[in-house]
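**Q** Let me give you the structure first, and then I'll get to my questions.
Nothing in this text is a laboratory measurement; each read-out follows from the coordinates by a stated rule. Bear in mind the structure is a predicted one, so any value in this text is a computation, not a measurement. Every residue, glycine as well, gets a Cβ built from its backbone with ideal geometry; the counts of neighbours run over all protein chains shown.
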Amino acid sequence: MTSPAEAGRPVILFDGVCNLCTGSVRFVIERDSRKQFRFASLQSPVADKLLGPRRNEADRLESVVLVVGERIYRKSSAALLIARRLDGLWPLLSVLLAIPRPLRDAVYDWIGRRRYRMFGKRAACWKPQPELADRFLD
């Protein structure tokens, strides 16, 4: 059986205990009228399977990861490529991809290092409402 990522359906991997990350997932869901994105926590076996040997240390909990087919995008590239597929004016943010990745990722990392302190963290991974369960792979 083909996985959603292999079928070209993008999968967003996120830190399931991070309030900023789960809030971002909710944000994407509300602006993804085509229901193209699927989701899984970075803590899940689904993430291990999708990333396989291409998993790196940052994938543990420090980065949003976008998997599209065989391509893996991390940090600011993932966030901006996700925005490119959303409804409304959010795709305009993809012009920021013109900024060199090390600069974009430096800003991403600065926020990432402070996300638990600024937004808090849950004791366990967030579970979506039952009506969204079909969009989550774990």
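**Q** Taking the Cα centre as origin and putting +1 on Lys and Arg beta-carbons and -1 on Asp and Glu beta-carbons, what dipole magnitude results for the stretch 11-128, to the nearest 20 debye?
**A** 140
**Q** Among VAL107, LEU81, LEU20, which residue has its Cα furthest toward the positive end of the charge dipole of the chain, with +1 on Lys/Arg Cβ and -1 on Asp/Glu Cβ?
**A** With unit charges placed on the Cβ atoms, the residue in question is VAL107.
**Q** Related question: Grab the other residues whose beta carbon is less than 13 angstrom from that of LEU86, score K and R as +1, D and E as -1, and report the net.
**A** +3
**Q** Follow-up. Starting from the Cα of LYS121, draw a straight line to each of the lysines and keep only those under 26 Å, dropping any in the same chain fewer than 8 residues away.
**A** Within reach: LYS49, LYS75.
**Q** Here is a further query. If we sort 43-53, 64-74 on the protection proxy, mean other Cβ atoms within 10 Å, highest first, what's the order?
**A** The peptides rank, most packed first, as 64-74, 43-53.
**Q** Using Cα pairs under 8 angstrom and six or more residues apart, how large is the relative contact order of the chain, in percent?
**A** Relative CO of the chain lands at 33 percent.
**Q** Still on this structure, I have one more. Relative contact order, percent, of the stretch 68-138 when contacts are C-alpha pairs under 8 Å separated by at least 6 residues?
**A** Taking the mean separation of contacting Cα pairs over the length of the stretch 68-138, I get 23 percent.
**Q** I would also like to ask the following. In whole Å and largest first, what semi-axes does the C-alpha gyration tensor of the chain yield when each eigenvalue is scaled by 5 and square-rooted?
**A** Over the Cα atoms of the chain, the semi-axes work out to 20, 18, 16 Å.
**Q** Antiparallel as a % of all DSSP beta bridges within the chain, to the nearest 5?
**A** 60
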